[in-house]
Each structure stands twice: as structure tokens, then as C-alpha cells.
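Participant: Have a look at this one before I ask anything.
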Amino acid sequence: MTDTLLSNARLIDPETGSDDLGAVLISGGVIKEIFTQGTDPKGEKLAKVNAGQVEVVDCKGKCLAPGIVDIGVKVGEPGERHKESYATAGRAAAAGGVTTIVTRPDTTTAIDTPEGLDFIRRRAAEDATVNVLHMAALTKGREGREMTEIGFLLDAGAVAFTDCDHVVRDTKVLSRAMTYARSLGALVIGHPQDPGLSRGAAATSGKFASLRGLPAVSAMAERMGLDRDIALVEMTGVRYHADQITTARALPALVRAKKNGFDVTAGTSMHHLTLNEMDVADYRTFFKVKPPLRAEEDRLEIVEAVRSGLIDIIGSFHTPQDEESKRLPFEEAASGAVGLETMLPVLLRLYHSGELDLPTLFRALSLNPAKRLGLPCGRLAAGAPADLVLFDADKPIILDRFKLRSKSKNTPFDNARLQGKVLGTWVAGTRVYAA
Amino acid sequence: MRFDQRHLLGIDPLRPDEITTLLDLADDYVALGRRRDKHAQALSGLTQINMFFENSTRTQASFELAGKRLGADVMNMSMQASSIKKGETLIDTAMTLNAMHPDLLVVRHPHSGAVDLLAQKVNCAVLNAGDGRHEHPTQALLDALTIRRAKGRLHRLNIAICGDIAHSRVARSNILLLHKMENRIRLVGPSTLVPSGIEHFGVEVYDDMREGLRDVDVVMMLRLQKERMDGGFIPSTREYYHRYGLDAEKLSYAKEDAIVMHPGPMNRGVEIDGTIADDINRSVIQDQVEMGVAVRMAAMDLLARNLRANPKEVMA
């Protein structure tokens, strides 16, 4: 395999926070060398490379960043392959600049045994062109009664343990699972939401839900869920990640946990960063996500928390749903939206509005999730895997949901005017997508 | 006089002048209803289907009578018993009915927004007969007509809406309508039954009923919706009656000529004392039922006029 040189690129490195023109040399699937004004002021090294046996890709000044690591992607295998398969999820990811998918175990049936995990690992390896890692359920059947075989599942390749939106109600069960996970160094991912308060809710309580007559949950349910989980983290010492923090009221609890030195990180979703409850308008079910969209004040606080680094990770929480499960009255409709392919252009709204710069955005999209899972990717540095995304941050597009590569087309951004387009994606040095 | 709506999905889309137009026409139909010969021809040749996904004897009877008095062919479909149980989706049911070419579709559904969804999929006029906790426009219109006839006006009145606001689509539609017509609205109820953020709707919220009723012109009681509660909103019905049930003592805080309203069916001894409900000097509860038929006749008449005026749009 000849080496590849991605030249004349705007290099976005979240690790150093830099945003400079330069070139990246890929060799043997890893980044061999980075050339910028700083490392190669006269361009002599670059000239030497150019003279050798190398395939040159001219990036024309567009942005080159470490590929996105998306924690919490739902693929419909097993059980709901008509909604999304590993082949379609892989294509959608490649087209969205996502180089590593970390799947959720909330499939039908749940991924709660090493055999089940083995099956989806094989499916992913056969069909997906991007890296795929898997999470496993924390309790059997995600029922919150008995912990899964955490040790065997780790051996089989599980990178984290979560029951997703099935919050473990029984704190004794959860504390035991956390204690056991701690002894194995496993990462536990929680869904901070008080299960009693949020029962039956389809919206966030407030003016909008009252006007539309929708059953609603107080934003406080998230704080209560997070407080409970953090207390158990303090008790057990487990490595813990909160999947989605979406309300301002939960942030002080997170600040305290981090200040106290607990091994706690938090994520949020692309939808909660870019939409608010008013977007639901006349019961548009493509805007029904879990937890429900929040008030604009919450959205602004969450964007600020990502900027400051309090919230570590942004995910798409890609949840494919077919038309039938969405074409129902709002309360009955399924939750979730697809996001693998739309995440980067959608989040670039925050860049264009001046709220986040690109290195900060990629810190939350690539560097932090990789670090949390102990992966070597997420950086633009010599020795890191050549998982890269090349994108034009300014190109205006109108999103057409029927052109998405996902089997399911349930995006709230249909017809949205966005700025940003993925031009190419490399996984371990191999180009898996070209616009 | 204008009425530019294709459907009647809620009070929210209506303009104040459209509300007045509808109430004026309803006044005529009240007169018609009091004659021996009650027939008119406004809907003759049209097909009206009443689709009730939730039981309601009163509203369904009112719509049926309204349609028949105006000469429509009326069909009642009780949806709890039918295809929904066999797993058919709301959209499929709507498409099936649509293929029978109804002109007016009257829909009640237990979920908020379901009637809006249905209206997007059919090409007849849709009337919302109540969707979840969202809206119940004909109830608000009949309440408005009752108030206008009793008080001689529908503006600058002090109106208290009391009881289970949270689960009530009647309350939401009434708040929207009375607000559009420039009245002062007070909501009275235990805080567990008052939805959050409601103060943004231009209303005053009271948890003390006596304070809330002070000097009001109209007292609107709401039914305690036991079937919509998944438990624990109030400690007991007797404590509820003690604090929020309308009796003579609490009513004495309102204006001397204040009227008492209730959308029915009543829970006597829970939200209202039986003697108040039956007091012909105060209670207009029976009038509300009469106005209900007239308002529904007016609503269907106006929608049918728009159907006939724009046949192309309807056929599309």
C-alpha cells in the first residue's frame, strides 16, 4: 500500500486546540507525520515527501479532523433489521464522517450475553466499513434485576455497560452491578432520568407541553437521576458516564461530581444542542426524542457546558424508526431520530453561530469519546490511527431525508438549511467515503 | 361576516371575528331548535361521520342531532370496538373512511394532536370533538354562547375556571377563547391539577377557591377526570369537595348575579353541590346542553359552506 498525503488542509486538532493549514501523511493505516507551519516552516520536509512514492490528495483548504467517535448508536440487528442494518449504518456513518460507531444494546433481544455480542461483532465485521464497537446491557434483558456476565462480556469485547433508557430502579441491584463493574475496571453508562417522575412523559413540562396538552416530565427528573447515580458512584468508585445531560438544572450536580474527583463524564445529544421544545410545533413526531426536547434556556446552557468542557461528549444517539412507528399520535409515536449522517452538518450550526470553535467541537465529537473508551484515535498526531474526516464547513446544503443512507429516514432536519458537507472519510488510512 | 377555516381543530386557529360569526349563526339555530319543526337544509346531501375513539354519549348525541337537524346523513362509528382493536393505525382508519367520501368528520381521540394528524390525511372537513388534553373547541364555543346570552356580552367579564385544569381540554379551549375575546380569566384548583407554565397564557392562578371566586361574573366548574389520573393528584374526593367543591358558601364570594357552568357529566358532591347545580337562578348547565346543539349546527354549516365554495380544494 502506497502512502497517502492529504495536503493543503485546514487541520483541526482537538488535542492541541489548533486550527492551522498543513498536511497529513498516512502510512500503514496510521498517521505518520503532520506538516504545519510550526513543524515544517520552509516546507522542505513536505517537498521531500511529495517527491517520493506517494498518493497526494489536495484538500483545497478544507477542514481535516479526526473522525467522529459516536457513542450510543442504535443498529437494528438483531430484531429490527428493517430499520437499520450494519451495512446501512456503516454507509451512513462513513457519509457523516463517523469513523467509529459504538452501538447500544437496546436491540430486540438485548445484547446481554457474550454469545449475542459475538453475533453482532461478526455482523459488523462483515458489513460495516467503519470501526464498530459494542456496548452490552448492564442487567439481564435490561430488566434491572440481575447483572449481566460483565467479565465474559468484557472478554468478548464490550466497551461499556448500559441499560440505555431502561433506568435501573432498584438501587441495590445497581450498586452491586457498579461494584462488580468497578472490580473489572468496566465503564458504566447511565441514563439520568428519575423513572417515576418521567413515567408516560412525551414532552418537558412547561408552557409548550401545557398548550399542546402533552403528558410532560419536569426537567428536575434528570437532576434527580444524576444525583442518585453520582451518589452510587461515590459509594462504589465505578467509572461512570451519563449518556445525555440536557437540562441546566442537572449541571451543578455534574460540576460537584467532577470537583470531588469522581471518575465521571457526561454526554449530550446533537438534538438537544440544536433544537428546543418549540420545534415540535404541531405534534411533529420526528422531533420526539428521549429525553424530550427542552426549553431554549436549557439548550443555551448545554451549549455553554460543551464549550467549557463540563460536558465531555456529543453523540448522535442515532435511533432509526420506520414511518409506521412515527405516523401515530405524538404520545403513541416512537422516540428517536437518525443522526449518523446529519450530526456534523447540524452541529456546524454552533460553529457558524460563533458558539463553538472547530477544535472544541471535535474535542467533544472525537477526542473525548476516544479517551473515555481508551481508544488511540481522536487525535491528529503521529502514531494515531488514520481515522479522518474531510469536510467543507461552509458549503450550504438543504437536507433531503430521502437521500440519507440510513434505512430509516426519521430526521427532524428534513428540508433544513445547513452549512457544512462531508467530502471524504478515511478509516485506518482507507478512504471509505468520497462525496 | 367571515369564516375562513377548512377544519375546526381548535380555538387556537380562530380569529375573534370568526368566533363572533359562528356565535351569531348559532343564535339563529337556537331559535330553530325551539320551533316545533326543527329542520333546515344546510347540510342536505352531505355525509357526516362521527368517529369516537373514546366514549362520549353526550357529545356524540349532540353532534348527531346537530347533523340531522341540518339534513345531513349521519353515521356513528364507535372506534373502541372496531378495527383499532385489530391493530389498524389511525392513519389507515382515516384513509379507509376517506375512501367513503364523507364531507364532515367529527373525531374524538384520547391522545393530544391525534385529530390534527387525521385532518392532514383526509380531504373532508374535520371537527375536533376533543383530543386528549389538548382542545375541545365546540365545548368552548357553546360555553361562550351561553355566557353571551346570559350576560349580554362576551368581553370584559371576570371568569373563574375551577377544578381539574391539568387534565382538561375544555379548560384549554376556554382559556384560549375567553382570552381572545378579552376577558379576565382566573384558574382555581389544587396545584397538582394546574399545569406548569399556565401563567404564561394570560391567566391568574389561585389555589384558594374563595379568593379565586371573589367578584367573578362566571364560575365554570370542571369535572374531576378520575379516568385520566394515574393516581395521587388529590388525597381524597371528600377533601377535594371540602376545598374545591362549589357550594353556596363559596359561591357567595362571587358576584350576586354570577352564573354557574359545568360541561357535564357532573360528579355531584365532588366538584359541585347538587342544589347549586339545580338552582335555576344560578345554574346555566341545562342551557349549555341546548347551546351545544346550536353551536355544532353553526360550526358544521360554516364548514359546509366553505366546502361547497371550494370544491376543487376538497377533491384534491
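Participant: Taking chain B as a Gaussian network, Cα atoms linked when under 10 Å apart, which of B:150, B:160, B:129 shows the biggest mean-square fluctuation?
Facilitator: Maximum among the listed residues: B:150.
Participant: For residue B:121, what charge total do you get from the other residues with a beta carbon under 11 Å from its beta carbon, if Lys and Arg give +1 and Asp and Glu give -1?
Facilitator: Every neighbour counted, the sum reads -1.
Participant: Sticking with this one: Below 8 Å between Cα atoms, with a sequence gap of 6+, how large is the relative contact order for the stretch B:25-157 in percent?
Facilitator: 22 percent
Participant: Now, a different point. How much space per residue, in cubic angstrom, does the convex hull of the C-alpha atoms of the protein assembly as shown take up?
Facilitator: 174 Å³
Participant: Here's something else I'd like to know. Tell me, what ³J(HN,Hα) does each residue in the stretch A:259-269 have, in order and in whole Hz, if you take phi through Karplus 6.51 cos²θ - 1.76 cosθ + 1.60 with θ = phi - 60° and put x for Gly and Pro?
Facilitator: Along the stretch A:259-269, the couplings run 5, 6, x, 6, 7, 10, 10, 9, x, 8, 9 Hz.
Participant: Ordered by packing density, taken as the mean number of other Cβ atoms within 10 Å over each peptide's residues, highest first, how do A:350-361, A:382-393 rank?
Facilitator: A:382-393, A:350-361
Participant: Let me ask you something else. Could you report the buried accessible area between B and A, both sides summed, computed with a 1.4 Å probe and given in Å² to the nearest 100?
Facilitator: Using a 1.4 Å probe, the pair buries roughly 1600 Å².
Participant: Please give every one of the aspartates and glutamates within straight-line cross-link reach of residue A:258, meaning a C-alpha to C-alpha distance under 15 Å, and leave out same-chain neighbours fewer than 8 residues apart.
Facilitator: Cα-Cα hits under 15 Å: A:227, A:229, A:234, A:312.
Participant: Loop only by DSSP, 16 or fewer other Cβ within 10 Å of the Cβ. Give me the trypsin sites (Lys or Arg not before Pro) in the stretch B:101-179 that pass, ordered by residue number.
Facilitator: Hits after loop and neighbour filter: B:121, B:153, B:156.
Participant: Starting from the 7 Å offset along Cα-to-Cβ, what nm value, one decimal, do you get for the label separation of residue B:248 and residue A:53?
Facilitator: 10.7 nm
Participant: Using alpha-carbon pairs under 8 Å, 6+ residues apart, how would you state the relative contact order of the stretch A:67-372 in percent?
Facilitator: Reported as a whole number, the value is 17 percent.
Participant: Another question, then. Residue by residue, what Karplus-based ³J(HN,Hα) values in Hz, rounded to whole numbers, does the stretch B:287-296 have, using 6.51, -1.76 and 1.60 with θ = phi - 60° and x for Gly and Pro?
Facilitator: Each residue of the stretch B:287-296 in turn: 4, 4, 5, 5, 5, x, 5, 5, 5, 6 Hz.
Participant: Could you quote the convex hull projected area for chain B, Cα atoms only and averaged over all directions, in nm²?
Facilitator: Average projection, Cα convex hull of chain B: 15.9 nm².
Participant: Under 24 Å between alpha carbons, and skipping anything fewer than 8 positions from residue B:38 in its own chain: which lysines qualify?
Facilitator: Hits, sequence-local ones excluded: B:68.
Participant: I'd like the mean, over residues of A:321-327, of how many other protein chain beta carbons sit within 10 Å of each residue's own Cβ.
Facilitator: Taking all residues of A:321-327 together, the mean is 2.
Participant: Tally Lys/Arg at +1 and Asp/Glu at -1 over every other residue whose Cβ is under 10 Å from the Cβ of residue B:184; what's the total?
Facilitator: Here the charged neighbours net out to -1.
Participant: Measure off, as a whole percent, the carbon and sulfur share of the 1.4 Å-probe accessible area of chain B, all protein chains present.
Facilitator: 49 percent
Participant: Now for a separate question. Pop out the carbon and sulfur fraction of the accessible area of the stretch A:67-372 as a percent, whole number, probe 1.4 Å.
Facilitator: Of the solvent-accessible surface of the stretch A:67-372, carbon and sulfur hold 49 percent.
Participant: So if R0 is 45 Å, what FRET efficiency would residue A:179 and residue A:122 give, r being the distance between their Cβ atoms, rounded to the nearest 0.05?
Facilitator: 0.90
Participant: Could you give the accessible area per residue of chain A, probe 1.4 Å, as a whole number in Å²?
Facilitator: 38 Å²
Participant: Compute the orientation-averaged projected area for the stretch A:67-372 from the convex hull of its Cα atoms and round it to one decimal in nm².
Facilitator: Taking the Cα atoms of the stretch A:67-372, their convex hull projects to 14.0 nm² on average.
Participant: Sticking with this one: How large is Rg over Rh for the stretch B:57-204, taking Rg from the Cα atoms and Rh as the Kirkwood inverse mean of 1/r across Cα pairs?
Facilitator: On the way: Rg = 17.4 Å, Rh = 17.1 Å.
Rg divided by Rh gives 1.02.
Participant: Counting only the backbone N, which residues of the stretch B:119-156 are under 14 Å from the spot 7 Å out from the Cα of residue B:310 toward its beta-carbon?
Facilitator: Inside the label zone: B:120, B:123-126.
Participant: Same structure again: May I ask for the net charge around residue A:301, where only other residues with Cβ less than 11 Å from the Cβ of residue A:301 are counted and Lys, Arg are +1 while Asp, Glu are -1?
Facilitator: For residues surrounding residue A:301, the net value is 0.
Participant: I need the semi-axes of the equivalent ellipsoid of the stretch A:121-180: take the C-alpha gyration tensor, multiply each eigenvalue by 5, square-root it, list largest first in whole angstrom.
Facilitator: Numbers: eigenvalues 130, 28, 14 Å².
After diagonalising the Cα gyration tensor, the semi-axes are 25, 12, 8 Å.
Participant: For chain B, calculate the relative contact order in percent as a whole number, restricting contacts to Cα pairs under 8 Å that are 6 or more residues apart.
Facilitator: Values: 601 pairs, mean separation 65.3, N = 316.
Relative contact order for chain B comes out at 21 percent.
Participant: Which pairs break 25 Å Cα to Cα here: A:32/A:60; A:140/A:259; A:74/A:371?
Facilitator: Violating the 25 Å limit, Cα to Cα: A:140/A:259.
The values are calculated or read from the model by the stated rules, or taken from the named source; none is laboratory data. Note that the coordinates shown come from a computational prediction; the quantities given were computed from them, not determined experimentally. Quick reminder, even Gly has a Cβ in these numbers, built from the backbone with ideal geometry, and neighbours come from all protein chains shown. These accessible areas exclude ligands, DNA and RNA; they are computed on the full protein's heavy atoms, side chains included. Shrake-Rupley method; radii C 1.70, N 1.55, O 1.52, S 1.80 Å.
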